[in-house]
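Note sheet for the following structure.
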Amino acid sequence: MKINKLLVLALLTSIFITSCSEDSDDNPVVPKGDYENGLIVSHEGNFGQGNASVSFVSDDFLTVENNVFSNVNGAPLGDTAQSITFSDDLAYIVLNVSNKIEVVNRYTFESVATINSGLVNPRYMTISNGKGYVTNWGDGGDSTDDFVAVIDLATNTVSNTIHVGEGPEYILEKGYMLYVSHKGGWGVNNIISVIDTTDNNVGTLEVNDAPGAMAFDSNGNLVVLCSGANQYWLTPAVETLASITRISTNNSAILDVMEFASGEHPSIMTHDDDELFYILNGEVYELEDSSDALPTTAILDVSSTSAYGISVEDDTLYVANSNFTEESDLLIYDLDSASLMETIELSIGAAKIYFN
Amino acid sequence: MKNIYILLPFVIGFSTVAKAQVDAVQKLDEVVISDTKLLDYANGIKIEILSDSIINNNATSLTGLLAFNSNLYFKENGFGMVSSPSFRGTNASQTAVVWNGININSQLNGQTDFNTINTSNYSSIAIRSGGGSVQYGSGSIGGSIHLNNNLSFNEHFETALRTGFGSFNSKNLGFNTAFGTKLYSGNVAVTYVDSDNDYKYLGTDQINENGAFNNLNLNANLGFYVSNKDIIKLYHQSYFGNRNFSGTLVGPSRSKYEDENFRTMLEWSRTSGQFSSKVKAVHLHELFKYFENKDKANFSLGSVNTLLVNHNFNVRFSDKIQFKTILEYSNTKGKGDSFKEPVRNAFSTTALLNHKLSNVIRYGINLRQDFITGGERPFVFSVDAGFDLFEHYQIQINGSKNYRIPTFNDLYWQPGGNLDLVPESSYQIDLGQNFSYPHLNVKLNGYYINTKDMIQWVPNNTDIWSPVNIGEVASYGAEVEVKSHYSINKHQLHFSGHYSYTVSEDLETNKQLIYVPFHKGNLNVAYGYKRFSMFYQHLFNGEVSIIGNSLSSYDFGNIGVSYVFNQNKKVNYTIDFKLNNLYNTYYENVALRPMPNRNFQIQTTIKF
């Protein structure tokens, strides 16, 4: 059994660790409050330090506000903001270490509810046919207690759980199906769970090791970034190939497996229109949905940053240049000219970028 | 004689309450401590000794004792949880804890958890400020804390039984007995502490949900004169701890932590004329089990066993010059889920010289060379001097180079461990002035510490946190220590206070390190009249910066009264009542981990 690694170390000494994460989804914009027409950035903060936050950057970059949640609600957000999911007028902020989800109005950030029972190491959420679905690792050291929590959105409570394999991470919905990538939590897993929400039956697909970020491409296929295993500290070292894998959402058939070279382990990916963007060794690559081969040349060099999260909209690339001891930056690049347009200073531990 | 000299600080001006004074004077003759170099080779070193009477009047955790009686600053992950100090602005693994002369900092994280040491099992606790790597090895950078068990070779037999209870369903039991003749001596102490520790978080509707803990400490020490020149001594300590780990205001916890320590030392000392030699064989064992979920059987494990052999040889050339050599070999083996089975061998050779040049000037020169598995060979040195310039005025000065070797976690943790680490190295100077009058002692110290190659964990190019030698930190500051004692008729009044101003700067960012307050102060006032005594103690902790934010300063006070029944009879009883956090202050010394609200403790002691 995989047992707690860095967490123990963090608890026993004075060092801090952070959860890992990748990219985000885009969402439609509906102007209705102070935080409309701009970017919402989730800040993980430091693992165990309770300094997670959310910041806002207006579309014209002129208005920047850190700690939006606590400014509005007068209370700290919580510990390790893993992800945010938007639905209608609401935003669901998933707080990994706090084992809770803060439900707020996405435009005013006023608190609506807190879901703080029935979640254990929650990671990502999606909403399908009026219900919320949240991936949960359970105890990190236990590979058999992982689940997807079903949320009753009327009462904001966990109404059911669906048992799944180890380390469920990203979750997307299409029709009545849910797709869950199993990066593996503290270990490495290599499956995608496919859940039929009409009966909660779980099927699995094998992919390359450590599947994480997912998106639907312009052809309606599911695209998964598998980082590959890279456990160089084991004896013998374990390394497997990373891939970008396309899966049909009609019949769950694997359509394309585009493998990276040995030693390459990308972990950050986003999708916009008909292009996929990922970061490999400090460079941004662009993969057309129509292409079945990985690009060989990068479109942008971001190797001087600590890119921790990216999003793309309208040929503009947003990069969370994250720092976990000091201020982070939001870097905004024009992809046409491959040039940096803006640098916006944000508070500590910036992670994911959402369009509001 | 020498032993009296050693014990002098115990009786002059340091005792808080009258009740222990008579005992202390009666115990004076033929008291033996294991770590003689602590005072014999320390002309220019600031050392503060806390006697048993101070120990008895304070919290039984080393954290509680030192927070109110030294310049050390502590951060605790909630009451009773993992506690680590910052001594002179240094970090948690740069303070050595020394048990009867042996450095007992964990081989895994380089720290001692100050909430695992029960102070009531020790005869005295000394605080040695400044670098001490020559004498005490790795991690003695900010200073060192010395836990001493003394053996008294005289006719005595004393036993005490303590029972106490308090808020949050806290219970404690203590038993200690000391016995001896001119030929043998022994003492045994057992303490057990248990608490639900479910205090309210002031100003919220939350309580400290997952904070229950208990621990057992056992100390047993024996000594025999096998001839009039040879003493065989055996020292032992066991600790068993079982704690739930408290969560934070925004992050619940359901984890549990079990740890144990066994420390055993067999010592043979021989004194013959001007020569004395000591051979020590020591076994140290540490083990932890961390349960992420206390309701499940899964845990992660780490343990380390150290075998250590030490020989020291002392020559007293005259009343004025003495010289000591120390040879030490240690073999350390670890085993754990996250670091496999590392082994470290270390050999060190040390030379200490102490010279009283005149009635005014005393100095010492000290050298140490280590040879450690992996090829590291730290060489350290120190020089110190004391100048007794006037009757009531003394100057102490010392300079030293010190080190801290990477821990097993730093080297072998999977993932992240880095075998390329080199030891942290630190240079420092310390200047002290002591004013001593019959009723008043004042110490003023200023120091500067520069530490290079600090080991810090940062994300590497594969986003895995890994330790590297990157930091350089300058710590400097000023300390004041004041002690005063008056007795008029049967009234006894004691006062002690400490204040420190500490700057500890990352030389790259020029920012104060997190969790180092610029200001920290404490004071203790104790009053005794016949069988009655009472005390008040106060702590001021200045604001500290934390990552991206700061924690507010706080003031905190405790008050206590004590009464002895049947004093001067064969059997006597003492009843103590303490009110902790008198002002019901809300405070955190680690972010989002509130400390207890106002709470009480009652304790009864039977001595016979």
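The values are calculated or read from the model by the stated rules, or taken from the named source; none is laboratory data. Model, not experiment: these values are computed from the prediction. In this analysis, Cβ positions are derived from the backbone assuming ideal geometry, glycine residues included, and neighbour counts consider all displayed protein chains.
Just a few scattered comments:
- Residues in the stretch B:240-257 that are at the interface with chain A (Cβ under 8 Å from one of its Cβ atoms) and either free of Cβ contacts under 8 Å to residues at least 12 places away in the same chain or small (G, A, S) (or both): B:G251, B:S255.
- The stretch B:318-338, subset outside any strand (DSSP E or B) and touching a strand residue (DSSP E or B) at 6+ places or on another chain (Cβ under 7 Å), residue nearest to B:V134 (Cα to Cα): B:K320
- Residue in the stretch A:73-110 that is surrounded by the fewest Cβ atoms within 10 Å (Cβ to Cβ), counting only those that are in a strand (DSSP E or B) and within 14 Å of another protein chain (Cβ to nearest Cβ): A:K100
- Check on A:I171, in contact (Cβ under 8 Å) with a residue 40 or more places away in the chain, β-branched (V, I, T) and crowded, with 23+ Cβ neighbours inside 10 Å: yes
- Residue pairs meeting the criteria (Cβ under 6 Å; at least 6 apart or on separate chains; first within 10 Å of chain A (Cβ to nearest Cβ), in the stretch B:446-469; second of a type in the set (V, I, T)): B:Q456/B:I470; B:W457/A:I15; B:W465/A:I17; B:P467/B:I455
- Total residues in the stretch B:412-433, condition touching a residue at least 60 places away in the same chain (Cβ under 8 Å) and within 26 Å of the chain's Cα centre (by Cα): 6
- Segments classed as strands (runs of 3 or more DSSP E), wholly inside the stretch B:105-175, with at least 1 members that are under 22 Å from the mean Cα position of the chain (by Cα), more than 14 Å from chain A (Cβ to nearest Cβ) and closer than 30 Å to B:F313 by Cβ: B:124-129, B:143-148
- All positions within the stretch B:251-292 that are buried (at least 22 other Cβ atoms within 10 Å of the Cβ), of a type outside the set (G, A, S) and under 30 Å from A:V94 (Cβ atoms): B:Y257, B:Y290, B:E292
- Yes/no for B:D576 being in a strand (DSSP E or B) and over 30 Å from A:G45 (Cα atoms): yes
- A:G349 being in contact (Cβ under 8 Å) with a residue 12 or more places away in the chain, under 20 Å from A:I244 (Cβ atoms) and within 14 Å of chain B (Cβ to nearest Cβ): no
- Among the conditions (1) closer than 30 Å to B:P438 by Cβ; (2) without any contact (Cβ under 8 Å) to a residue 60 or more places away in the chain, the only one that B:S496 does not satisfy is (2).
- Checking each residue in the stretch B:364-415 for being in a loop (DSSP other than H, G, I, E, B) and either at pLDDT 95 or above or not acidic (D, E) (or both) picks out B:T373, B:G374, B:G375, B:R377, B:P378, B:H392, B:I405, B:P406, B:T407, B:W413, B:Q414, B:P415.
- A residue that is farther than 30 Å from B:S475 by Cα, in contact with a Lys or Arg (Cβ under 8 Å, 6 or more places away or on another chain) and within 14 Å of chain A (Cβ to nearest Cβ) occurs somewhere in the stretch B:187-206.
- Against the test of being over 25 Å from the mean Cα position of the chain (by Cα) and within 14 Å of chain A (Cβ to nearest Cβ), the options B:I575, B:I514, B:I606, B:I547 yield a single qualifying residue, B:I547.
- Strands (runs of 3 or more DSSP E) within the stretch A:138-224 that include 2 or more residues within 24 Å of B:P252 (Cα to Cα): A:147-152, A:157-163, A:168-174
- Any hit, the stretch B:331-342, residues being among the aromatic types (F, W, Y) and without any contact (Cβ under 8 Å) to a residue 40 or more places away in the chain: no
Let's see how each residue does on (1) under 24 Å from A:E166 (Cα atoms); (2) modelled with pLDDT of 95 or more:
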{"residue": "A:K2", "(1), (2)": "yes, no"}
{"residue": "A:L6", "(1), (2)": "yes, no"}
{"residue": "A:N51", "(1), (2)": "no, no"}
{"residue": "A:S55", "(1), (2)": "no, yes"}
{"residue": "A:F69", "(1), (2)": "no, yes"}
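- If you go through the stretch A:53-72 and keep only what is touching a residue at least 24 places away in the same chain (Cβ under 8 Å) and either basic (K, R) or within 13 Å of another protein chain (Cβ to nearest Cβ) (or both), you end up with A:S53, A:S55, A:N66, A:N67, A:F69.
- First in the stretch A:120-142 and within 14 Å of another protein chain (Cβ to nearest Cβ) and over 11 Å from A:G167 (Cα atoms), second anywhere and outside any strand (DSSP E or B) and small (G, A, S), Cβ under 6 Å, 6 or more apart: A:V120/A:G138
- Summed over the stretch B:88-104, the residues that are more than 14 Å from every other protein chain (Cβ to nearest Cβ) and either at negative phi or outside any loop (DSSP other than H, G, I, E, B) (or both) give a count of 7.
Listed here are the residues, each with its yes/no results for (1) away from chain A (no Cβ under 14 Å); (2) touching an Asp or Glu at 6+ places or on another chain (Cβ under 7 Å).
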{"position": "B:H285", "(1), (2)": "yes, no"}
{"position": "B:F291", "(1), (2)": "no, no"}
{"position": "B:N312", "(1), (2)": "yes, no"}
{"position": "B:T349", "(1), (2)": "yes, no"}
{"position": "B:L352", "(1), (2)": "yes, no"}
{"position": "B:G364", "(1), (2)": "yes, yes"}
{"position": "B:I372", "(1), (2)": "yes, no"}
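- Looking across the stretch A:338-356, just one residue is small (G, A, S), surrounded by fewer than 20 Cβ atoms within 10 Å (Cβ to Cβ) and part of a strand (DSSP E or B), and that is A:S339.
- Under the condition of being buried (at least 17 other Cβ atoms within 10 Å of the Cβ) and part of a strand (DSSP E or B), the residues counted in the stretch B:535-556 number 10.
- Of all residues in the stretch A:219-237, exactly one satisfies the criterion of being under 30 Å from B:Y412 (Cβ atoms), modelled with pLDDT of 95 or more and surrounded by fewer than 23 Cβ atoms within 10 Å (Cβ to Cβ), namely A:A229.
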